[in-house]
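The values are calculated or read from the model by the stated rules, or taken from the named source; none is laboratory data. Computed from a predicted structure; not experimentally measured. Here the Cβ positions follow ideal geometry from the backbone for every residue, glycine too, while neighbour counts run over all protein chains shown. With ligands, DNA and RNA removed, areas are computed over all heavy atoms of the protein, side chains included. Shrake-Rupley method; radii C 1.70, N 1.55, O 1.52, S 1.80 Å.
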Amino acid sequence: MIQNRNFLGHARASALAMAVVSFAPMAISATGWQATYSGDLNGSVKGGIVVPGGTSMVSMVRGASMSEDMRSMGTAALSVKVMSLPGQAPSLKEFDLTLADGTTCRLKPDGSEKADLRDSSTKSYDISLSGTLECDGGKMISAQASAKK
């Protein structure tokens, strides 16, 4: 048992060293989703589960998180819908964010919402977005998010 602990300790240390050495390339190709927000509420949420879908004109993605112990689904979540018409810039139609404490926030269109849909493929989805969201209790936040599969 002690030998196994030492092996696991060395394996963790090696994995940490590899992560530190290869930090820059991993940041560029990292998958998952993350969102930062400020305003009446401030913070960030993220998750590793990205599930894209949609049609040729409507791109959708849902993001989910895991609990801290990695044994169940977490509270934080993301849901996005983007309309993509030929010859027009992508238009953000839905941006829902559930914060770690369960607070739900929804897009409140005010003209500031933006979506940069770089890839809508279900195999390599890649988007960055921002907008004003109204949260439970009437609180307002400015949020920026990205999702990549």
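Listed values, structure above:
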{"item": "Carbon + sulfur, % of accessible area of the range 32-148 - ligands and nucleic acids excluded, 1.4 Å", "result": "50"}
{"item": "For the range 34-39, Karplus couplings with θ = phi - 60° (6.51, -1.76, 1.60), whole Hz, Gly/Pro x", "result": "8, 9, 10, 8, 8, x"}
{"item": "The range 83-149 - Debye-derived log10 I(q)/I(0), Cα point model, q = 0.13, 0.19, 0.23, 0.29 Å⁻¹", "result": "-0.39, -0.77, -1.01, -1.27"}
{"item": "Three-way shape label, the range 32-148, alpha-carbon gyration tensor, a/c 1.5", "result": "oblate"}
{"item": "Spacing of the two label points (7 Å from each Cα toward its C-beta) at Ser44 and Thr103, in nm", "result": "1.7"}
{"item": "Calculated FRET value between Asp69 and Ser91, using beta carbons and R₀ = 41 Å, to 0.05", "result": "0.55"}
{"item": "Listed peptides 139-148, 34-43 by packing density, highest first (mean Cβ within 10 Å)", "result": "139-148, 34-43"}
